[in-house]
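Notes for the one structure printed next.
Every number here is computed from the coordinates shown, using simple stated rules; none is lab data. This is a predicted model, so every value here is computed, not measured. No Cβ is skipped: glycine too gets one built from the backbone with ideal geometry, and neighbour counts run over all protein chains shown.
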Amino acid sequence: MSSTREERVDNALQQLLERLVPSQLPDENEAHADQRWDEANELARDLLDREPEPGVADDVNQAADLIKRRLVRDGGGPERASAFGNLYSRLLSQPVLDKKWGILYFLWKLTEGEDVNGSAGARSNSMGNRARHSVDGIDLTGRQRDGKDEQESVYDEAFARNGLSRMQRVDEVSSPRQPPMRERLAPGRPKPSPQAQTIDTQPEQDTSSGDVAPSEAALLRDMPFTLQGLSSTNLHFTDHSSLKLPHMLPVPLISLLHSLAEPSLLYRSLSQFVESSDGGLVGQSLRSAIGLELRSYLGLVATLEGQIRRALAQLDDKLTRGGLGKAGVTLKRCVIWTGEATLGLRLMSMVVESAKSKKGGELISLVHNLATSHGDAFVYTFAERLLTNITRPFYNMLRAWVYDGELEDPYREFFVSENTNYEDSGATSVWESKYLLRDEMIPSIVTFDFAHRVYLIGKSLNFIRHACHDSAWVEAYSKEASRELVYGDTANLGQSIDEAYKTVMTRLVWLMETKFALAEHLAALKKYLLLGQGDFVALLMESLASNLDRPANSQHRHTLTAQLEHAIRNSNAQFDSADVLRRLDARMLELSHGEIGWDVFTLEYRMDSPLDVIVTPWASKQYLKIFNFLWRVKRVEFALSTTWRRVQTGSRGVLAKVSDKLGADWKSARLGLAGMVHLVDQLQYYILFEVIEASWSGLQKAIHNPASGTVTFDTLISAHTAYLRSITRKGLLGGAGGVDFTAQLHELLKLMLNYRDAVDGLYSFSVAENAKREEMSARIETRTRAGRWGLTEADEEDTASPGFGGTSKGGGRSKTGAGVTESPIPSLLSLGGGTGPDAERNMLEQLRQRLRSLEADFKARVNVLLGDLAYQPDVDMRFLGVVMNFNDVYNPTRRRRQKPESKEKADAGKA
C-alpha cells in the first residue's frame, strides 16, 4: 500500500513539474536545462519532506463564530449572518466533506487577502501557494526575478490565539516513517520530440513577451476583442463555432476562458443571423430585435473595455499578479459581469434555432410561449422586449386587414391567406373561397374567437369594396376609424376590433336589405318556387295542362315562356317589381326517353352578385328540388280535382242513366277518389303551412333578432341554409330517421295518377254505354213511327258498338235509333279482339279489376307511410300522420328495416 502511495506522489510531482517548469527554454543548451530541472526537482522534494509547523487545532465551531462576527462587523447585518448560519448547517449535514474546518479556514483567509497553506496552515513558500520559485536569481520558469522575493503575509493572530496548538497524532508517532523524498530516485527531464517542440514553440511565437503561456493581464487585454467575436493575439477563432485557447494555461484560467468563450461564440452566430436576409417580415423583425440586443451587448463590452484599460494602466510588477486583484478587473469578474448578457445571448440563440422552420404567427407564438411558460423574471422581461419589436409587422398587417380590407402579406405570414387556387366564378367564390383562415398561423397572443372576428371584418370590407361596389364608404371608414395597433395594449385592441366588427357588419347587412333588396327576393322565391302565390300557380297549371300532357321532346321554350307571362299578367304576380319578374323564367330539365312535359317543366329564379352569396348554387338546387316535388303534388291535385268535377257533373247526367249497370262501380270509384283527394290536400296543407310558413317565420326571426345580438353576413347565410334544410327535412324530402319519404310519396303520386286514368276509362265506358242506349232508343222510335218492328235480328248484330259492342240488358227489344255518339275520352284499354257482349263484359271486368288493384295498392302504401310517420321524432311529422288518418280508415304498419347485408342475402335467395 505504501509503495502505491509513493508511486502516486512521484507521478503527481512529475506531472506538476512538467506543467510548471519548461523542459527547455529557447537558446538554452541541454546541460543547463538538465541542471535547472534537477534543481527544481530537489527543491520540490525538500519541501515535501519538511516537517509541518504547529498550527491551530481543528475547531469548526470557533471558525464559524469568527466568520459570523466578521460579517456583522463589516456591515452585513444580522440577515447575512443568518444566511451564513443556514449555509453552515447545510455544510455540517454533508457526510462526504470530512475537512469542514479546512474549508472554513480557507474562506476566512480569502476574506483577509492572504496566501493560505491548505494542508496544515504552515508559513512556508510551498508550491501550492506560489506559482514559481527562484534558484540562483532565476525563476524556474526561465524568467529573471526583479528584486528580492515577495514577503508572504502572516496569519491572523486572532484566529490562531483562539485555537489550540496542533499536537502530533498518536498514529503518526507509532506508524513507521516513509523514506524521505530526497532519497528516492528522481526522474529525469522529459525530452521533447521535434514535432512536439515545433507545436510548443508556436504559442511562444504568438506571444509578444515570449512567455510559455500568456498572463492574465494579456488575456484581459484581448478579452474585449474576443467578446466581439474577433480574433486577438492570444485567442483565435478557427471558425464560426470554435475558439482556440493558448497552451500551458492553468486549469482555473481555462475554466474562466470557457465561460467567456460562450458569449463570444453566441455573438458571432447571432451576428451572422442578423446579417442574413432570409424569411418574411416577422423574421426580419426578429433580426432587427436581436440586432438591438446585440448593440446593447456591445455597449456592455465597451464599458468592460474601459474598465480593463484603466486596470491595466494601474498594474504594478512588484505586487502579486501585477496587482490585478486591487485594480478591480479580473477574468472572474468579467465572467460575473457578462453573466446576464450571456443568458440573453443564450435565449436569443435558442429562439433562432427554434425559428428556422417557422414564420409569421408561428414565430410570434414561439417567443410568446417562452415568456408565458417560464417562471424566471429575466426570461419573461427579455421575451416581452423581443415581442414588442417582432409583432410590429403582424399588427401592421392586422391594421390593413381590419380597416382597409386589404391583405398586405407578401410572405404568407398572416393567419388570413388568399387562396391561390381561387378562380373568379362569382360572388360566392369571393366570400367563401377567396380568403381562408389558417389556424396554424394564429399567434398565441390572440384567441381563436378574436382571429375569427378579424377574419370576418376584413372579408366583409373586401366584399363591400369589390362585390357591392361601395369602395367610397370603405375609404371613408378607413380614414375615420384607422388607428395604430401595438403589442401589449390588449384592452384598446379588443375594443377597436369590437367596434370595427359592429360597424362593418351593420353596413354590409344594410346594403343587402336596401340596395340589393334581399328580403324582396327571398319572398319572391317563396311565392314562385315554393308555390306560395296560389292564383299564379293555378293559372299557370291550367294554361300549361294541354301542352304538358304531350311528350317532352315536343315542348318548346317560347311556348312555356308565353304561358308563364300569361299567368303573370292574369294574377296578382303582375304587381311585383320589374326586377323580380325579370328574374323569373320557365325552362325544361334534361330530357329522358318516355317522359312528358310534366316531368321536365320547372321554374327558375336567377340570382346574381352579390345575392348569390346567400342563395348559393346549393340553395338553388334545394329550391329546384322543392319546386319539382310541390309541382308534382300540385299536378296530382289538379288531375284528381278535374276528374272529381267531371264525375260529379256526370253523376247528374250520363252516369245517372247507366247507374243500373255501373252504379256500384262509380260508388267505389268516388270513395277511392275522395280518399286520394283528402290525402293530397292534407299533404299540401302540411308542406305549405306547417313546414314552409313555419320555416319562413324562423328565417325572419333569425335575420332580425339573432341569438348573437349582431346581424352579420354569416348570420344571413346560416339562417337561409337552416331555412332550406328545415323545409327539406320536415317536407318529407330528406331521409329522416333512415326513411326515404321522397320515394314513398312519388310512388303514391304515380298510383293516384294511374287511378285517375282508370276512373277516366270507366267514365269513357259509361259515356259509350249511354251513347249506345240513346242510339238504340232513337232507332226504336224511328221504326215504330214507320209501322215496323223496332229492331230485327240483323239490326242487333249490325248495331254492335264499335267501341264497346253488346246490347242492353233491359227487358224487350230495342227500337231503332239514328246515329252513334262517340265518347270524347278515348278508351284506355283495348278489347283484346272481337266485338259484342263478350267483349263488353271483358272490358268492364278489366276496368273493375284495375280499379280494385290500384285502390288496394294505394291503401297498402298509405299504411306504410303512416306507420313511418308515427315513429318520427318531429311532432309535426307525427301530426301529419294523424290528420291523414283522422277517421282510422287506414291501419298503419311499420316495416321492419333490413340491414344491408341481410337485404343482399334475401335478394340473392330470390335470384
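Note down the Stokes-Einstein diffusion coefficient of segment 214-358 in µm²/s, whole number, using a Kirkwood radius over alpha carbon pairs, 37 °C, and 0.692 mPa s.
Once the numbers are plugged in, D ends up at 202 µm²/s.
Consider a paramagnetic label point 7 Å from the Cα of Thr642 along Cα→Cβ; state which residues of segment 752-768 have an amide N under 19 Å from it.
752-767
Can you compute the equivalent ellipsoid semi-axes for segment 604-754, i.e. the square root of 5 times each eigenvalue of the Cα gyration tensor, sorted largest first and rounded to whole Å?
Over the Cα atoms of segment 604-754, the ellipsoid semi-axes are 43, 14, 14 Å.
Classify segment 226-296: rounded, prolate or oblate, from the alpha-carbon gyration tensor (a ≥ b ≥ c, eigenvalue square roots; a/c under 1.5 rounded; otherwise prolate if a/b is larger than b/c)? Numbers along the way, then the final one.
Values: a/c = 3.51, a/b = 2.65, b/c = 1.33.
Prolate, since a/c reaches 1.5 and a/b exceeds b/c.
Could you state the orientation-averaged shadow area of the convex hull built on the Cα atoms of segment 533-622, in nm² to one decimal?
6.5 nm²
What are the semi-axes of the equivalent ellipsoid of segment 535-585, taken as the square roots of 5 times the eigenvalues of the Cα gyration tensor, listed largest first and rounded to whole Å?
One finds semi-axes of 22, 13, 6 Å for segment 535-585.
Expressed in nm to one decimal, what extension gain is obtained for the pair Arg557 and Gln314 from 0.36 nm per residue of sequence separation less their Cα-Cα distance?
Result: 76.6 nm gained on full extension.
With +1 on each Lys and Arg Cβ and -1 on each Asp and Glu Cβ, and nothing else charged, work out how big the dipole of segment 392-515 is about its Cα centre, in Debye to the nearest 20.
On the way: 13 positive and 20 negative charges, 41 e Å.
Dipole of segment 392-515, to the nearest 20 debye: 200 debye.
Measure off 7 Å from each Cα along the Cα-to-Cβ vector at Ile336 and Glu39, then give the distance between these two points in nanometres to one decimal.
4.0 nm
Between Arg90 and Asp65, how high is the FRET efficiency from 1/(1 + (r/R0)^6) when r is the Cβ-Cβ distance and R₀ = 22 Å? Nearest 0.05. The partial results should precede the final answer.
Details: r = 17 Å, r/R0 = 0.79.
The formula returns an efficiency of 0.80 here.
Where does each of Lys358, Lys502 land when they are ranked from fewest to most other beta-carbon atoms within 10 angstrom?
Values: Lys358 18, Lys502 14.
Result, fewest neighbours first: Lys502, Lys358.
Among the listed pairs Lys625/Lys859; Lys359/Lys502; Lys634/Lys667; Lys359/Lys434; Lys657/Lys750; Lys625/Lys667, give every one whose C-alpha distance is greater than 29 Å.
Values: Lys625/Lys859 27 Å; Lys359/Lys502 31 Å; Lys634/Lys667 25 Å; Lys359/Lys434 22 Å; Lys657/Lys750 31 Å; Lys625/Lys667 37 Å.
Lys359/Lys502; Lys657/Lys750; Lys625/Lys667, as the Cα separations exceed 29 Å there.
Starting from the Cα of Arg5, step 7 Å along the direction of its Cβ; do the same at Lys356; then give the gap between the two resulting points in nm.
Taking the two extended label points, one gets 5.6 nm.
What is the sum of charges around Leu347, taking Lys and Arg as +1, Asp and Glu as -1, for the other residues whose C-beta is under 13 Å from the C-beta of Leu347?
So the environment of Leu347 carries a net charge of -4.
Taking one equal scatterer on every alpha-carbon of segment 256-319, how large is log10 of I(q)/I(0) by Debye at q = 0.12, 0.21 1/Å?
-0.46, -0.92
Between Asn705 and Asn547, how many nm apart are label points set 7 Å from Cα along the C-beta direction?
4.5 nm
Report the extension gain between Ser668 and Asn842 in nm, rounded to one decimal, defined as 0.36 nm multiplied by the number of residues separating them, less their alpha carbon distance.
Working: separation 174, 0.36 × 174 = 62.64 nm, distance 1.92 nm.
Gain on extension, Ser668 to Asn842, equals 60.7 nm.
Could you list the GluC sites (Glu not before Pro) in segment 681-777 that lie in coil according to DSSP, counting only those with at most 13 other Cβ atoms within 10 Å of their Cβ?
Hits after loop and neighbour filter: nothing returned.
What is the calculated FRET efficiency for Thr381 to Asp608, with r their C-beta to C-beta distance and R₀ = 60 Å, to the nearest 0.05?
0.55
Can you give the extra length, in nm with one decimal, that the chain gains between Asp449 and Ser296 once fully stretched, where that is 0.36 nm per residue apart less the Cα-Cα distance?
51.2 nm
For segment 392-515, what number results from the quotient of the Cα radius of gyration and 2.2 N^0.38 Å?
Values: Rg = 14.1 Å, N = 124, 2.2 N^0.38 = 13.7 Å.
For segment 392-515, the normalised Cα radius of gyration comes out at 1.02.
Grab the beta carbon distance between Ala856 and Glu590, set R0 = 41 Å, and tell me the FRET efficiency rounded to 0.05.
Calculated transfer efficiency: 0.70.
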